[in-house]
Amino acid sequence: LGPAGCALKANMVNFWRNHFVVEENMLEVECTMLMPATVLKASGHVERFSDIMVKDAKTGDCYRADHLLEAHLEKALEGKKVTDEKKEEMGAVLRQIDSFGLNELGELIKKYGCKAPVTNNDLTDPSEFNLMFGTSIGPSGLVKGFMRPETAQGIFVNYKRLLEYNQDKIPFAGAQIGQSFRNEISPRSGLLRVREFCQAEIEHFLDPLDKSHPKFKNVKDVKIKFYTCEAQMAGTDMQHITVGEALEKGVLENETMGYFIARIHQYLSEVGIPDENLRFRQHLAKEMAHYAADCWDAECKTTYGWVEIVGCADRSCFDLNAHAKATSTKLVAKQTLDTPVTREVVEVALNKAAVGKGFKKEAGGVTAAIHNMEDEDKLKMKEQLQSDNFKLVVGDKSYEITPAMVTSISTVSKTEHVREFVPSVVEPSFGIGRILYCILECNFKVRENDDKRTWLNLPPLIAPTKCSVLPLSNSPEFIPYVEDLSAALRKLGIPNKVEDSSGSIGRRYARTDELGIPFGITIDFDTMKEQSVTVRDRNSCSQIRVPVSDTPDLINKLCTEQMTWGVAKEKYPEFIGQESNN
């Protein structure tokens with residue numbers, strides 16, 4: 001990204017913080033980008049975070065199998081000799097393209113005669129390719145690590161600290177913005193598929209028995225296009241309904257998922273994604289990530305087709321359970337019960353001397369792991385110890401538990417005044433680069449009466465430069481006004497650009513329009529006589545005459561949406577002129 005791109009991204013991220021972190025009282029963290037392999041093995045990424053790849057049988061060039069099949073079928077559908085029956089068959093395959101596994105993709109590639117795109121050579125059989133960048137940590141090179149493929153795991157491993165920070169209250173949300181890394185098989189399409197990208201992720205921890213949301217009523221009337229997995233499989237249309245209706249019809253499973261989908265929709269609308277280009281598509285069952293129980297993608301329609309820009313997943317209790325099992329640490333929340341509950345639990349009494357002698361420094365970890373076992377596993381251990389040793393697996397290590405180490409394993413009645421549970425997680429995950437690209441494509445415009453004049457319809461909220469200051473000529477008399485107005489705008493935190501290059505005022509307006517600058521202030525000869533300037537709106541090209549002393553505050557209100565251009569036109573007299581390109 002260049003200067004304008006960096007400023008645009010920074011404004012998007014700042015608004016994201018206000019829209020989510022500040023509004024929802026989230027706990028923002030900044031975690032390491034280099035993660036030990038043990039963390040990502042526990043989360044399932046080492047074994048299952050992969051894409052399916054095929055190679056050119058002769059040159060060895062690599063291609064992502066589903067993308068290659070998709071491109072082949074889309075091209076085949078354009079053929080004039082394709083029958084209606086074949087078109088329907090190919091269309092069904094394309095609708096499910098993200099759900100096919102290794103063997104299914106291999107069969108489809110052979111069935112439709114896919115070849116290597118560049119050489120037309122045969123392709124190898126599909127194979128899985130792990131998307132993480134591996135590395136070693138420390139000078140010995142013995143500690144294996146990975147560049148993080150998502151920011152989420154940093155939040156999960158710090159769950160206990162975040163819960164403590166939140167005074168042990170639940171629900172709460174952790175948030176993180178930062179770089180993630182994925183070793184894409186075939187990067188393409190500019191910012192849409194890259195190996196290093198900025199993510200903004202939220203992990204909302206909640207009671208799995210209560211997925212209501214206190215603020216759902218505020219968003220229940222937000223209207224959204226929902227594309228369910230059933231509609232995708234059947235080839236039917238999307239449903240354009242409110243979030244409240246989606247919950248009532250069973251399209252959405254709970255209020256918390258509905259609340260975040262509505263808030264995501266509001267964010268995307270505010271930063272410039274038009275409603276007609278936006279939909280929420282539910283993942284097909286086979287497409288679901290290994291950690292997800294349900295998932296919806298916010299997708300934007302572009303010249304590349306529908307592009308995923310935000311994912312909203314119900315990760316259930318997967319991650320906390322996985323890290324708890326790997327570390328023998330309870331990752332739970334507690335709820336004080338109004339009425340005590342009596343239930344049957346399995347308790348293990350250990351021979352501390354035997355455990356200490358057998359495992360020495362590791363005895364504490366082994367003891368904790370045994371006590372943290374599920375009741376079902378404790379009973380299995382009891383049965384196993386009657387005839388043999390029991391193998392206890394903790395992370396990468398295994399320990400032999402002998403009968404002499406266990407005094408007793410018994411089922412007892414226990415009265416509980418506190419309910420202990422593993423929180424469920426709803427995760428909105430934003431690809432900042434993808435959103436940025438979609439904003440630029442969706443907001444590239446051409447003037448109705450002049451197809452050579454293009455402009456960017458960037459919302460003032462995220463525009464890199466909010467206002468231009470344009471002296472009508474290079475007259476020295478204008479310099480003090482230019483400098484004073486520019487300084488006053490900067491003091492209010494409004495990035496501005498002094499546009500004093502050569503060319504007519506109309507041509508300079510056109511240049512600022514191409515940069516997406518929403519407003520322009522022109523200093524002319526009447527400024528010295530009347531102490532007023534013209535303020536121009538980029539979208540309508542209309543202008544008003546404003547006193548110099550009012551101008552900085554007016555621009556600030558327009559940029560922060562405290563005032564609309566329509567209200568400004570009612571307050572100040574309209575100005576005609578200074579728009580010619582000659």
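The values are calculated or read from the model by the stated rules, or taken from the named source; none is laboratory data. Worth saying up front: this structure is predicted, and the values here are computed from it rather than measured. We place every Cβ from the backbone using ideal geometry, glycine too, and count neighbours over all the protein chains shown. Remember, those area values only see protein heavy atoms, side chains included, never the ligands or the DNA or RNA. Shrake-Rupley method; radii C 1.70, N 1.55, O 1.52, S 1.80 Å.
Listed by chain and number, the lysines whose C-alpha is less than 30 Å from the C-alpha of LYS225, apart from same-chain residues fewer than 8 away, are LYS9, LYS75, LYS86, LYS87, LYS211, LYS215, LYS217, LYS249, LYS286, LYS301, LYS445.
Apolar share of the accessible surface for segment 117-198: 50 percent from carbon plus sulfur atoms, 1.4 Å probe.
Each Cα pair under 8 Å and six or more residues apart adds its separation to the average, and for segment 210-253 the resulting relative contact order is 37 percent.
Only protein heavy atoms count here; on that basis, with a 1.4 Å probe, TRP455 has an accessible area of about 30 Å². Taking a Cβ cut-off of under 9 Å around SER429, the surrounding Lys, Arg, Asp and Glu residues balance to a net charge of -3, with basic ones at +1 and acidic ones at -1. Computed from Cα positions, the angle between helix 505-514 and the longest principal axis of the chain comes to roughly 10 degrees.
Let me check I've understood the local charge: for ASN120, count other residues with C-beta under 15 angstrom from its C-beta, Lys and Arg +1, Asp and Glu -1. What total comes out? Counting the neighbours of ASN120, the net charge comes to +1. Protection proxy ranking, highest mean first, for peptides 309-321, 554-566: 309-321, 554-566, where packing is the per-residue count of other beta-carbon atoms within 10 Å, averaged.
Report the one residue of VAL54, THR38, ALA71 whose Cα lies farthest in the direction of the positive end of the charge dipole of segment 30-80 (charges on C-beta: Lys and Arg +1, Asp and Glu -1; origin at the Cα centre). Of the candidates, VAL54 comes out farthest on the positive side. Farthest toward the positive end of the dipole of the chain, out of GLN562, GLY431, GLY358, is the Cα of GLY358, where the dipole comes from beta carbon charges about the Cα centre. DSSP beta bridges fully contained in the chain are about 90 percent antiparallel. Per residue, the chain exposes 50 Å² of solvent-accessible protein surface, assessed with a 1.4 angstrom probe and all protein chains in place.
Using the rule -39500 (n - 2.57) for each DSSP H run of four or more residues, divided by the residues of the chain, the 222 nm mean residue ellipticity is -9500 deg cm²/dmol. The charge dipole of the chain, taken about its Cα centre with unit charges on the Cβ atoms of Lys, Arg (+1), Asp and Glu (-1) only, comes to about 1140 debye. Ligands, DNA and RNA left out, the 1.4 Å accessible surface of segment 275-416 is 49% carbon and sulfur atoms.
Under a model in which nothing but the beta-carbon of Lys, Arg (+1) and Asp, Glu (-1) is charged, segment 302-366 shows a dipole of about 540 debye around its Cα centre.
Partners of LYS80 within straight-line reach, counting lysines whose Cα lies under 25 Å from its Cα and excluding those fewer than 8 residues away in the same chain: LYS110, LYS111, LYS115. Overall, the anisotropy analysis places segment 517-582 in the oblate class: the square-rooted eigenvalues a ≥ b ≥ c of its C-alpha gyration tensor yield a/c not less than 1.5, with a/b not exceeding b/c.
Quick one: helix 84-95 against the long Cα principal axis of the chain, what's the angle to the nearest 10°, folded into 0 to 90? Around 80 degrees separate the two axes.
At the residue level, SER127 shows approximately 50 square angstrom of accessible surface with a 1.4 angstrom probe and all protein chains present.
Once the Cα atoms of helix 65-77 and of the chain are each reduced to a long axis, what angle between those two axes, in degrees from 0 to 90 to the nearest 10, is obtained? Helix 65-77 sits roughly 50 degrees off the main axis of the chain. Both the radius of gyration and Dmax for the chain are 29.9, 103 Å, in that order, over alpha-carbon atoms. In segment 8-61, carbon and sulfur make up what percent of the accessible area (probe 1.4 Å)? Exposed carbon and sulfur together represent 48 percent of the surface. The trypsin sites (Lys or Arg not before Pro) of segment 1-76 meeting both criteria, a DSSP state outside H, G, I, E and B (loop) and at most 16 other C-beta atoms within 10 angstrom of the site's C-beta, are LYS58. Near GLN335, once Lys and Arg are set to +1 and Asp and Glu to -1 for all other residues with Cβ below 13 Å from its Cβ, the sum equals -3. Think of the chain as a dipole: +1 on every Lys or Arg Cβ, -1 on every Asp or Glu Cβ, centred on the Cα centre; then among VAL394, ASN166, THR339, VAL394 lies furthest on the positive end. Checking the cross-link pairs LYS357/LYS382; LYS452/LYS571; LYS361/LYS397; LYS41/LYS360 against a 23 Å limit on the alpha carbon distance flags LYS452/LYS571; LYS41/LYS360 as lying beyond it. With a ≥ b ≥ c the root eigenvalues of the C-alpha gyration tensor of segment 155-301, is it rounded (a/c under 1.5), prolate (a/b larger than b/c) or oblate? Verdict is oblate for segment 155-301.
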